[in-house]
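A quick write-up on the structure given underneath.
Where a number appears in this text, it was derived from the coordinates with a stated rule and is not lab data. Remember, predicted model here, so these are calculated numbers, not experimental data. No Cβ is skipped: glycine too gets one built from the backbone with ideal geometry, and neighbour counts run over all protein chains shown.
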Amino acid sequence: MKRLAVLLGDSAGFIDPFGSSGIYFSMAMAKHWVEMIGEQMDCQRDVWTGKNVAQWRRRFSKTKVLRRIRSSYFKVGLLERYVFCRRRTARRINHRWRLISFLIRLG
């Protein structure tokens, strides 16, 4: 039997750059993967087949958890581009700090 692992939470990558919900997301990811793998363990001895892993990845890519994580990273990217590409200097960043801090809170 193959012994493989699924990386969850921050071991898979920094999960939620805007808050403390990383623990929630990690637990939600774990629940999802345990349920998917558990379904296969009930009817198959070797669950780590390429077909199963591909199916699990497709199913996971449609989850609300992953959509939220992707949304957070998209927002971080926009904010970084605004601050570091458009504002660039401390003086210009400080001049727009109210807007920047508002955008951070929106995240």
task = Mind sorting out which of (i) 11.3; (ii) 8.3; (iii) 13.9 is the real mean projected area of the Cα convex hull in nm² computed from the coordinates?
result = (ii)
ask   = Lysine pairs in the stretch 9-106 8 or more apart or on different chains: how many have alpha carbons under 19 angstrom apart?
value = 4
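Can you tell me how much longer the chain between R88 and V76 gets when fully stretched, taken as 0.36 nm per residue apart minus their C-alpha distance, in nm with one decimal? Write down the numbers at each step before the final one.
On the way: separation 12, 0.36 × 12 = 4.32 nm, distance 1.61 nm.
That pair, R88 and V76, stretches by 2.7 nm at full extension.
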task = Sort F84, F25 so that the residue with the fewest other Cβ atoms within 10 Å of its own Cβ comes first and the one with the most comes last.
result = F84, F25
key: Likely footprinting exposure, F74, F60, fewest C-beta neighbours within 10 Å first   = F74, F60
message = On C-alpha positions alone, give me the angle between the axis of helix 64-80 and the longest principal axis of the chain, in degrees, nearest 10.
response = 30
